[in-house]
There are 2 protein chains.
Amino acid sequence: MSTTLERIRNGVDTDTLFATLDAVEAQPELGTFQFRVTNRWIDGAHNRSTIKDFYAAGGEDTSRAGAFDLDAGEPAILIGSDTGPNPAEYLLHALAACLTTSLVYVAAARRVRLTRVESRLEGDMDVRGALGLSDEVRNGFEQIRVSFVVEGDAPPEKLRELVERAKARSAVYDMVTNGVAVHVGVDA
Amino acid sequence: MSTTLERIRNGVDTDTLFATLDAVEAQPELGTFQFRVTNRWIDGAHNRSTIKDFYAAGGEDTSRAGAFDLDAGEPAILIGSDTGPNPAEYLLHALAACLTTSLVYVAAARRVRLTRVESRLEGDMDVRGALGLSDEVRNGFEQIRVSFVVEGDAPPEKLRELVERAKARSAVYDMVTNGVAVHVGVDA
């Protein structure tokens with residue numbers, strides 16, 4: 001087996017991964033990141049976020065060639081015209097993506113080759129909360145269920161342990177399950 | 001002013017909005033929704049969610065013509081190749097989109113015409129948490145700051161009050177600030 005095959009596992013360059021861990025451990029201030037989004041209302045339920053710059057490891061990161069644009073919307077039943085996924089669906093996607101990436105990185109670090117990672121997420125919402133019709137139901141999902149299918153060159157109990165480790169390290173899983181302080185300022 | 005101009009405010013069909021509110025108030029079970037995402041790992045930090053079907057108002061909603069695909073990734077400094085925004089950035093987008101749509105709908109219902117809604121969101125993260133290098137810092141954002149610029153045909157204090165009302169009704173703001181129970185199952 002070539003050195004390259006050893007080094008790249010699950011598409012993750014493990015040399016770079018371990019070098020990053022060593023660097024941040026040696027200089028904890030390199031761990032300070034800031035992510036940013038700017039959003040602009042277009043019409044009705046249609047708004048668009050632009051994502052590019054961020055702060056990382058002691059300075060502004062300029063590695064991204066271009067910006068990412070994300071369009072949000074609502075389906076017809078929520079008075080939109082389907083200009084994009086709705087915000088609650090974007091939150092489910094953020095959670096799926098973060099758990100999956102955490103799992104893939106954890107597996108790479110622990111020398112497990114994954115061959116398949118798929119997930120299905122469901123969120124139950126009583127929209128009477130967000131519509132202002134009831135103060136007895138919350139605005140957001142009452143509960144989120146995530147179902148993973150994971151395959152790789154390790155026994156099932158090891159794969160399940162990696163998912164547990166991914167939950168324990170995922171940034172979005174932490175935020176969605178524990179909540180984050182949000183400060184909203186308005187220039188009007 | 002024509003009836004159409006009165007009826008469509010901020011791109012929102014207010015007749016439909018009020019009819020929806022009346023229908024759900026009369027039949028609370030119509031408020032039961034379920035949103036879903038399926039996600040598939042591609043390689044490294046690259047994974048893709050597909051979003052289409054959902055349950056709404058007593059049945060499966062089939063109004064969407066096609067599915068939405070969302071690609072996630074990580075920048076080079078987080079061992080990815082920028083195949084999409086990262087999961088934490090998607091969470092910021094979900095929050096921006098939900099607060100904005102809530103504001104636009106609340107304003108439409110209260111007869112305020114908006115001419116501009118823009119926001120900038122910042123999330124501070126010490127990545128030592130997610131990298132597993134420190135148990136003293138959390139995995140997710142320590143704090144999120146949202147800065148809105150809102151313009152419309154109402155005095156500044158009224159516009160600020162509408163933002164407060166949007167916060168009080170936003171599904172994603174509720175979930176991000178208060179947290180949601182997440183159940184993770186694994187088929188391995």
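Tabulated data
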quantity: Rounded tilt (10° steps) of A:87-109 against the dominant C-alpha axis of chain A; calculated: 10 degrees
quantity: Mean ellipticity per residue at 222 nm, deg cm²/dmol - from DSSP H runs of n ≥ 4 across chain A, formula -39500 (n - 2.57); calculated: -10500 deg cm²/dmol
quantity: 19 Å Cα-Cα reach of B:Lys158 towards lysines, excluding residues that sit fewer than 8 places from it in its own chain; calculated: B:Lys167
quantity: Folded to 0 to 90 degrees: helix A:14-26 orientation relative to chain A principal axis, Cα; calculated: 80 degrees
quantity: Per-selection Rg to Rh, region B:1-151 - Cα, Kirkwood hydrodynamic radius; calculated: 1.05
quantity: Inter-copy separations for A:Arg7, label at 7 Å along Cα-Cβ, nm, ascending; calculated: 6.5
quantity: Percent of Cα pairs exceeding the 37 Å cut-off, where the set is the protein assembly as shown; calculated: 20 percent
quantity: Label 7 Å beyond Cα on the Cβ vector: B:Gly59 copy-to-copy distances, nm; calculated: 6.0
quantity: Distances in nm from B:His183 to the matching label points in the other copies, shortest first (labels 7 Å along Cα to Cβ); calculated: 3.8
quantity: Spin-label model distance (nm) - A:Glu151 vs B:Thr50, 7 Å beyond Cα toward Cβ; calculated: 1.6 nm
quantity: Amide H within-cut-off set for A:Ile42, under 5 Å, with H built and near neighbours excluded; calculated: A:Asn47, A:Arg48
quantity: Whole-angstrom gap from region B:18-32 to region B:84-137, using each part's C-alpha centre; calculated: 28 Å
quantity: Relative contact order of region B:39-174, pairs being alpha-carbon contacts under 8 Å that are 6 or more residues apart, as %; calculated: 19 percent
quantity: Test item: A:135-146 mean partner chain Cβ contacts at 10 Å; calculated: 6
quantity: Axis-nearest residue in chain A [Cβ, rotation onto B], distance in whole Å; calculated: A:Gly179, 2
quantity: Environment charge at B:Glu151 (Cβ cut-off 13 Å; Lys +1, Arg +1, Asp -1, Glu -1); calculated: +2
quantity: Förster-model FRET efficiency, 35 Å R0, A:Glu60 and B:Arg116, C-beta, rounded to 0.05; calculated: 0.80
quantity: FRET efficiency estimate (nearest 0.05) - Cβ-Cβ, B:Arg40 to B:Asp135, R0 35 angstrom; calculated: 0.65
quantity: Region B:108-188: relative contact order in percent, alpha carbon pairs under 8 Å with at least 6 residues between; calculated: 28 percent
quantity: Surface/4 estimate of mean projected area, convex hull on alpha-carbon atoms of region B:1-76, nm²; calculated: 8.3 nm²
quantity: Angle between chain A longest axis and helix A:156-169 axis [Cα atoms, degrees, rounded to 10]; calculated: 60 degrees
quantity: Whether region A:73-187 is rounded, prolate or oblate, judged on the alpha carbon gyration tensor where a/c under 1.5 counts as rounded; calculated: prolate
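None of the figures in this text is laboratory data; all of them are computed from the coordinates on show. Bear in mind that the values here come from a model prediction, so they are computed numbers and not experimental data. Every residue, glycine among them, receives a Cβ derived from its backbone with ideal geometry; neighbour counts consider all protein chains shown.
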